[in-house]
Amino acid sequence: MLIAAARRRVTALRQPVPSARIARALWIAWAVIVWNVVFDRVIVVAGRSYIAAARTAVAANPSGPLVNMDDWMRPAVTRGLWLATASAGAILVTGLVTVHFARTRPADEKTRLHAKLAKRAKMKKASRA
């Protein structure tokens, strides 16, 4: 009984509408994750560059002026926003267009035949009730 219920749920998810919805959600999740990774990477690289510049400045002149962190991090934030948004946008557009075309493409003969048989069985079942 439990296995039959699980099979019904899996079968329901394999239908075009729910599977397209799941695919869209996964593409959106992937785009969000990529945005976060790219932005974080740009900020980390800028932080490391700042630390290297600060070490160099202190080594060259210990009593001299310190390197300003804003000079390094503000441009990195802007660069990170642009790179992360471009990366996530490319993934999102690619994914959503792919899902759209996959959902609207004509099904092959076997799939159409299966859909017709399922529709007839459903209609027969409804007429009996």
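Applying 1/(1 + (r/R0)^6) with R0 = 35 Å to the Cβ-Cβ distance of D40 and T104, what FRET efficiency is obtained, to the nearest 0.05? Show your work: numbers first, answer last.
Numbers: r = 36 Å, r/R0 = 1.03.
The pair D40/T104 has a calculated efficiency of 0.45.
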What per residue convex hull volume, in Å³, do the alpha-carbon atoms of the range 20-128 yield? 117 Å³
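Read the figures in this text as sums done on the coordinates, not as results from a lab. This one's a predicted model, so the numbers in the text were calculated from it and none came from an experiment. With ideal geometry, Cβ positions are generated from the backbone for all residues, glycine too; neighbour counts draw on all protein chains shown.
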